[in-house]
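> Have a look at this one.
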Amino acid sequence: SSNPNIATINNAGIVTGVAPGFANFVFTDAVTGCITLPTEFVNVMGSPSISILGASSICIGANTQLSPTVGGAWSSLNPGVGTINNTGLVSGISAGTVRFVYVQSSSSCPSLDTISITVNPNPIVSIAGSPSICEGSTTNLLPSSGGNWVSLSGAVASVNIAGVVTGLRQGAA
């Protein structure tokens, strides 16, 4: 190799890219000791850099963003856990860990590393008390600890951190 910092070659003639740049090669005949003229230059192209722009841990049904967002194709190494589109948008499908790889269109070079995203299961919730209450009455939701409850209909019913729902006015919450 004219530049082993760019590309190496073994005795079987297999060239391995080491870093971006150009290298050419010569062959020495073991019997005669004669050396060939240098080969044409081999262009070693760099692998694309990839990164996480969003969260590295998401829930089922949630999304996160990887980079780059243009110029290539992303693929999931476990699409049953997480999928990705070519803009780098990851979607959590089921609980587990999923890795992603990117191939740059201009060079057809894949990223050297993969990015791992953890997809967490969604919490399991239930109504522990009555599903129907009067204004001013309460009922309980489970779990009663380990997270935060938020009412999606705050004018109808409030909920505290322990999952106690209080009816405020007629309606569904």
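The values are calculated or read from the model by the stated rules, or taken from the named source; none is laboratory data. Since the model is a prediction, treat every value here as computed from it, not as a measurement. Cβ: placed from backbone, ideal geometry, glycine included. Neighbour counts: every protein chain shown. With ligands, DNA and RNA removed, areas are computed over all heavy atoms of the protein, side chains included. Shrake-Rupley method; radii C 1.70, N 1.55, O 1.52, S 1.80 Å.
> Which of the strands (runs of 3 or more DSSP E) found entirely inside the range 123-173 contain at least 2 residues meeting this: farther than 29 Å from Ile60 by Cβ?
Per the criteria, 164-167.
> Filter the range 113-162 for residues that are among the β-branched types (Val, Ile, Thr), surrounded by fewer than 13 Cβ atoms within 10 Å (Cβ to Cβ) and in contact with a Gly (Cβ under 9 Å, 6 or more places away or on another chain) and give the result.
Of everything in the range 113-162, those that are among the β-branched types (Val, Ile, Thr), surrounded by fewer than 13 Cβ atoms within 10 Å (Cβ to Cβ) and in contact with a Gly (Cβ under 9 Å, 6 or more places away or on another chain) turn out to be Val125, Ile161.
> Next question. Check off (1) without any contact (Cβ under 8 Å) to a residue 24 or more places away in the chain; (2) on the phi < 0 side of the Ramachandran plot for Leu141 and give me the number that stays unchecked.
Only one criterion is unmet by Leu141, namely (1).
> Are there strands (runs of 3 or more DSSP E) fully within the range 1-83 with at least 2 residues that are surrounded by fewer than 17 Cβ atoms within 10 Å (Cβ to Cβ) and touching a residue at least 40 places away in the same chain (Cβ under 8 Å)? List them.
On the way: elements: 7-9, 15-17, 21-23, 42-44, 57-59, 63-67, 72-76.
Strands (runs of 3 or more DSSP E) meeting the threshold: 57-59.
> Does Ile93 qualify as being open to solvent by less than 50 Å² (accessible area, probe 1.4 Å), aliphatic (A, V, I, L, M), modelled with pLDDT of 95 or more and under 24 Å from Asn122 (Cα atoms)? Lay out the reasoning, then the answer.
Values: open to solvent by less than 50 Å² (accessible area, probe 1.4 Å): no; aliphatic (A, V, I, L, M): yes; modelled with pLDDT of 95 or more: yes; under 24 Å from Asn122 (Cα atoms): yes.
It is false that Ile93 is open to solvent by less than 50 Å² (accessible area, probe 1.4 Å), aliphatic (A, V, I, L, M), modelled with pLDDT of 95 or more and under 24 Å from Asn122 (Cα atoms).
> While we're here: Whether any residue in the range 96-103 is surrounded by 13 or more Cβ atoms within 10 Å (Cβ to Cβ), out of contact with any strand residue (DSSP E or B) (no Cβ under 7 Å at 6 or more places or on another chain) and without any contact (Cβ under 8 Å) to a residue 60 or more places away in the chain is what I want to check.
The answer is no; no qualifying residue exists.
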